[in-house]
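Here's the structure we're looking at; comments come further down.
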Amino acid sequence: MGRSAARWRLTWILPFNVFVVVLLVARGEPSGRACVQCAAVALIGLLFVARVLWNHRVLKVVSFFFGVCAYFVLLGTTGGLASPLLMTGGIMMAAAAITLLEPRWLRGAAFSLFFLGFLGLAVLSRTSLFAPTPPLASGLATPEYVGLAFLASVFGMVGVYRIGCTMTRGYERAAMELAERREELCSENEDRTRALEGMAARLAHEVKNPLAAIKGLSTHMARNASDPKTAERLAIVAAEADRLQSIVEGFLTFSRGLDDLKLAPTRPYEVARELAVLLETRAEEAGVVLELGGDETLALDADSRKLRQALLNLVLNAIQASPRGATVHLEVARACDGARITVRDGGTGMTPEVLDRIRKPYFTTKEAGTGLGLAVARGLVEQHGGRLDLKSVPGMGTTATVSLPMKAKACARLPNPVRAETAEPIVAGAR
């Protein structure tokens with residue numbers, strides 16, 4: 001932009017000033033003023049040429065300030081504040097605001113220079129030194145004065161317009177370059193992420209079989225062990241293998257992406273009732289009461305298997321977060337645009353900071369959690385075109401609300417190119 005402005009000064013501003021001086025001399029400008037004007041224009045020309053040839057910051061500053069001084073010399077010799085060239089100063093002020101960026105005091109110095117220059121013209125406007133003389137003054141406005149004022153007005157408007165166009169093109173080029181660079185970075189990160197996800201999914205899948213073997217053999221040996229202490233230790237090994245297998249299955253489900261929906265008429269209340277029966281024993285072991293209520297006749301088009309898995313993770317979270325003697329409420333209600341399923345626990349709740357972080361995968365507040373249960377539930381709900389909202393008050397529990405449309409509208413998702421084999425549903429939700 002700086003070089004473009006310098007070239008524009010050389011090809012437009014300098015010829016304009018030369019034309020003005022030549023016209024004034026040809027129309028009878030006094031020789032003294034004509035010499036001063038020629039010297040000012042010559043100085044402007046030398047500075048413009050040097051600015052184009054050497055793009056140095058010091059030269060830019062020096063050329064600008066000397067150019068301003070030469071501009072005020074031309075104003076003084078053509079009538080001061082009554083000069084027809086007064087309007088061309090707007091171009092120089094606009095250029096100062098755009099090009100004089102570093103150091104910051106330069107723009108303030110440029111404004112001060114303009115202010116002092118116009119103040120000096122105002123003070124000396126009543127003296128004979130800056131009084132208008134022929135051919136610009138002879139009673140009424142002369143044709144020369146009107147012509148130069150018109151040319152200066154047009155030139156000022158064209159200059160401001162070109163400055164605006166140059167800035168617009170510069171910003172457009174910068175925006176396009178930034179957009180291209182962002183796309184390159186996103187593409188690189190996406191490819192790297194896909195590769196890592198594929199490797200991790202394959203690794204997790206390979207770990208499943210040894211864990212299953214360890215769990216099965218440990219359970220079998222614990223049953224046949226004659227030493228109670230050995231049986232207890234083997235039971236711990238089986239429990240830990242079961243926990244690791246749950247973590248691996250959760251990771252597989254999260255990393256492989258979501259397969260296509262299989263829509264069918266579904267009653268959310270029936271899905272919730274099956275979950276209540278399935279988790280009844282788990283709730284009794286935790287000392288929690290599981291209550292189910294709501295609209296039994298509500299039906300919508302959804303994937304019952306995925307809806308069941310999402311609710312399973314949410315209800316397990318609620319059971320694990322509730323103290324003994326608390327109640328977990330599971331309610332299905334009809335909404336104006338679909339269904340609303342609410343899971344409310346009686347736990348300690350979460351602070352706003354934890355609630356904000358818990359929305360991200362792999363974050364958990366439980367010692368044995370994976371941080372994937374809630375992320376998977378959210379993904380399954382959003383795949384239906386629904387929404388999962390969490391509200392929590394410290395000391396009063398947490399409420400998870402699933403909003404589903406009457407007919408699922410699958411949202412666009414980027415599938416993982418490396419799809420793991422179908423994993424079993426997650427049975428250990430995590431917050």
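The values are calculated or read from the model by the stated rules, or taken from the named source; none is laboratory data. Because the structure is predicted, anything quoted here is derived from the model rather than measured. Every residue, glycine as well, gets a Cβ built from its backbone with ideal geometry; the counts of neighbours run over all protein chains shown.
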**Request:** Give the residue, chosen from Val146, Val154, Val123, that is part of a helix (DSSP H, G or I) and at pLDDT below 75.
**Result:** Val146
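Here's the yes/no breakdown for (1) basic (Lys, Arg); (2) assigned to a strand (DSSP E or B); (3) more than 14 Å from Gly397 (Cβ to Cβ):
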| site | (1), (2), (3) |
| --- | --- |
| Gly287 | no, no, yes |
| Leu292 | no, yes, yes |
| Leu298 | no, no, yes |
| Asp301 | no, yes, yes |
| Arg305 | yes, no, yes |
| Arg308 | yes, no, yes |
| Asn313 | no, no, yes |
| Ala318 | no, no, no |
**Request:** Return the residue satisfying two criteria in turn: it lies in segment 349-364 and is touching a strand residue (DSSP E or B) at 6+ places or on another chain (Cβ under 6 Å) and at pLDDT 75 or above, and of such residues it is farthest from Gln320 (Cα to Cα).
**Result:** Met350
**Among the residues listed as Arg223, Arg273, Arg202, Arg243, the single one being within 30 Å of His384 (Cβ to Cβ), at pLDDT 75 or above, part of a helix (DSSP H, G or I) and not aliphatic (A, V, I, L, M)** = Arg273
**Item:** Residue pairs meeting the criteria (Cβ under 7 Å; at least 6 apart or on separate chains; first free of Cβ contacts under 8 Å to residues at least 60 places away in the same chain and assigned to a strand (DSSP E or B), in segment 386-406; second basic (Lys, Arg) and surrounded by fewer than 17 Cβ atoms within 10 Å (Cβ to Cβ))
**Value:** Thr399/Lys391
**Request:** Scan (1) at pLDDT 80 or above; (2) buried (at least 20 other Cβ atoms within 10 Å of the Cβ); (3) among the small types (Gly, Ala, Ser) for the single condition Ala264 breaks and write down its number.
**Result:** (2)
**Fill in**
Over segment 75-85, the set of residues surrounded by 20 or more Cβ atoms within 10 Å (Cβ to Cβ) and assigned to a helix (DSSP H, G or I) is Leu75, Gly76, Thr77, Gly80
